[in-house]
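Reading through the C-alpha cells given below for one structure.
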Amino acid sequence: MTHGVSSEALTAEDQFWIAGAEQIVDETRLHNFELASVPNASKARRSSHDSDDNDTQMSIIERDGILYLEDSSQAGFLASKGARRDSGPRIQPGKTLLRKPLKRLPPSKVYEALEKADRKMTPNCSDGDSITGLRSWTPNGFKPENSAIAQGRILLFVHGTFSNNDNIFEKIQSKTGGNKFLTEALKKYDQILAFDHRTLGVSPMLNANELARFLDDSDAEVDVICHSRGGLVTRWWAEVFDKKMTRKVRIVFVASPMAGTSLASPHNIRESMNLLANYSRAVARFGKGASFVAGACPLFTVATVLFESVSSVTRVMAKTPVADAAIALVPGLDAMSRVGNNHELIALQKEVPIRSDHEYFAVKANFETTDVGWKFWRAFRSGKERIKNAAADFVFQDENDLVVDCTSMADITPNALKSKNILDFGETSVVHHTNYFEQDDVNKRLGEWLLKGVPDRA
C-alpha cells in the first residue's frame, strides 16, 4: 500500500475506505498485457523526472476536504511546462491518501477491463462464464433460472450501474416496510425475478435484448422495479423488444436517467470520476458493516474505470477533446450521456411509442445537505450552492441525487407518466442515489402502486 500520509493521521472510517479503494484498483486493473503492444503517445524528449509514457500513478488527493483522482506521474511534466490550460491544470498541493502505480491500458484492452469491473460489481450472475442471467427469489434466497414462467404474474427487478440485485434486496429487507412489501409480493406474484447484467461494457439497449430472450416465451403479466440505468434497460425491453404486444406491464422507475445524466456527459468525465470518489467515501463513512460492498464499492469501481479509460487515450489531466471522448470507450455509460446527440436516448424518447397497456411510476429526489461530511456535493454543482473557489468544474447544472439530474428522472414521453404516479422527495438531506430502497416511503409506495387491489395468487 502506498500512502501519502500515515494511517495514524487518518480516521478509522477513512482507513477503511482507502483499504477498500486500493483493493478495487488491484482487482479491476489488468496486470498482464504486453507493453510492446502499447504505442507511445509521444516521442518528444522528456525531462529526467518524467515517467514512461506507459506508466501512470493513480493518486487520491484531498484538498479542503474534497477528493481528486489525479495522475501524479504528470506532476513533474506539468510543472516543467508551466501547466498551460491546454495541457491541464497546475498540480496543487494536497494530502495524498493513496498512490497506486499502473500501466496505461491500450484502448484495445479497455473492454477487457470493463468486463472485469462488471464481474466485480455483479458477482452473483447465474450462468457460469456469462455475466448476464436471470434468477428467481424466495425467502430462501436466489436461484438461477433459464426462463420466466409461461403464465401468471411476475415481479421483475432490474438493477443499475451502482447497484446489483443482491444489494437491492438487502436494502429492502433492512426495513420493516420493505419486508412487509416482499411478504405481500410473494402472495400476489407467481414468480419474483431478478435480471443480472453488465452495466459498463454493454449499452442498455443490448441489455434489453438479452432480457427479452428470457421473457419471449412467457405470456405472464410483468411488473418491474428498476433502479437508475435499469430504467433504460426496462424501457427498451417493454417498448421495443417485448414481442407480446398485448402484455400488461407496470414499471416503477427509481431515479432512472430517462433523458440521460450529466454524470456521463463527455465533457464531465474527469470531474465525474472525482464526484464518484467523494460519494464513495461518504457512503463508507456514514454507513456501517457492508456499506462499502453494497454502496461505496461500485461507486469507486466506476471512478477507477473512468480513470483507466481516460489514461488509455491521453493524460488524465489533459483538457482536450480526446480526453472528453474517452467516455465512448465505456458504452454502458456513454449510452446515458446527457447530450444533444445521444441518438440512442433520442430514439427511445421521441421515436418509440408507449404501449397503451403499460403504466409507469417514478421515484425521484434532490439531495442537498449542510452536513460537513457531504460538503463535496456543492463542489460539483453550479449555482449559489457551489463552494467558492472549488478546484473542480461542476458536473450538474441543476437539482440531482448525486448521480442523476432530477429533471431526467421523470422525463418520459408526454402523458406517459401521471403526476399521481410520482413519488418526489423534493429537496432532502437523507435520500440520495444509492439509498432509495432504504426509505420507508419508497417501500410503502411500491405496495400501493403494485399490490393494492390485486388478489392473492391461486
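Some points to look at:
- Selection status of Ala259, more than 13 Å from the chain's Cα centre (by Cα) and over 17 Å from His159 (Cα atoms): yes
The rows are residues; the columns are (1) closer than 13 Å to Asp357 by Cβ; (2) of a type outside the set (Phe, Trp, Tyr).
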residue: Val202; (1), (2): no, yes
residue: Asn207; (1), (2): no, yes
residue: Phe214; (1), (2): no, no
residue: Glu221; (1), (2): yes, yes
residue: Phe241; (1), (2): no, no
residue: Lys244; (1), (2): yes, yes
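- Residue, modelled with the highest pLDDT, within the stretch 424-434, restricted to residues that are crowded, with 17+ Cβ neighbours inside 10 Å, of a type outside the set (Val, Ile, Thr) and over 18 Å from Val158 (Cβ atoms): Phe425
- Residue list for the stretch 207-236, filter: in a helix (DSSP H, G or I), touching a residue at least 24 places away in the same chain (Cβ under 8 Å) and either over 22 Å from Gln349 (Cβ atoms) or not polar (S, T, N, Q) (or both): Ala208, Glu210, Leu211, Ala212, Phe214, Leu215, Gly230, Gly231, Leu232, Val233, Arg235, Trp236
- Index of the failed condition, Ala390 passing every other in (1) at pLDDT 90 or above; (2) under 27 Å from Arg63 (Cα atoms): (1)
- Residues being touching a Ser or Thr at 6+ places or on another chain (Cβ under 6 Å) and farther than 22 Å from Arg381 by Cβ - total across the stretch 228-280: 2
- Index of the failed condition, Ser136 passing every other in (1) more than 18 Å from Tyr436 (Cβ to Cβ); (2) in contact with a helix residue (DSSP H, G or I) (Cβ under 8 Å, 6 or more places away or on another chain); (3) in a strand (DSSP E or B): (2)
- Apart from one condition, Lys109 fits all of (1) among the charged types (D, E, K, R); (2) in contact with a Phe, Trp or Tyr (Cβ under 6 Å, 6 or more places away or on another chain); (3) at pLDDT below 55; (4) closer than 30 Å to Gly332 by Cα; the exception is (3).
- Test for Val302: is it touching a helix residue (DSSP H, G or I) at 6+ places or on another chain (Cβ under 8 Å), crowded, with 24+ Cβ neighbours inside 10 Å and at pLDDT 65 or above: yes
- Of all residues in the stretch 334-375 being within 18 Å of Phe396 (Cα to Cα), surrounded by 13 or more Cβ atoms within 10 Å (Cβ to Cβ) and of a type in the set (Gly, Ala, Ser), the one that is modelled with the highest pLDDT: Ala365
- Options Gly160, Gly201: the member that is buried (at least 18 other Cβ atoms within 10 Å of the Cβ), in contact with an Asp or Glu (Cβ under 8 Å, 6 or more places away or on another chain) and part of a loop (DSSP other than H, G, I, E, B): Gly201
- Looking only at the stretch 244-259, residues that are under 26 Å from Ile66 (Cα atoms) and surrounded by fewer than 24 Cβ atoms within 10 Å (Cβ to Cβ) come to 0 in all.
- Some residue of the stretch 397-406 being at pLDDT below 75 and touching a Lys or Arg at 6+ places or on another chain (Cβ under 6 Å): no
- A search for C-beta distances below 7 Å between a residue of the stretch 138-149 that is over 11 Å from Leu193 (Cβ atoms) and any residue that is at pLDDT below 95 and exposed (fewer than 11 other Cβ atoms within 10 Å of the Cβ), counting only pairs 6+ apart in sequence or on different chains, returns nothing.
- Among the criteria (1) at pLDDT 80 or above; (2) small (Gly, Ala, Ser); (3) surrounded by fewer than 15 Cβ atoms within 10 Å (Cβ to Cβ), the one Gly383 does not fulfil is (1).
- Per-region count, the stretch 426-458, residues of a type outside the set (A, V, I, L, M, F, W, C), within 24 Å of Thr369 (Cα to Cα) and in a loop (DSSP other than H, G, I, E, B): 6
- Complete set of residues in the stretch 163-194 that are modelled with pLDDT of 95 or more, part of a loop (DSSP other than H, G, I, E, B) and surrounded by 18 or more Cβ atoms within 10 Å (Cβ to Cβ): Tyr189
- Those residues of the stretch 220-231 which are within 22 Å of Leu402 (Cβ to Cβ) and touching a Gly at 6+ places or on another chain (Cβ under 9 Å), in sequence order: Cys226, His227, Ser228, Arg229, Gly230, Gly231
The values are calculated or read from the model by the stated rules, or taken from the named source; none is laboratory data. No experiment lies behind these values; they were computed from the predicted model shown. Here the Cβ is made from the backbone with ideal geometry for all residues, glycine too, and neighbour counts use every protein chain on show.
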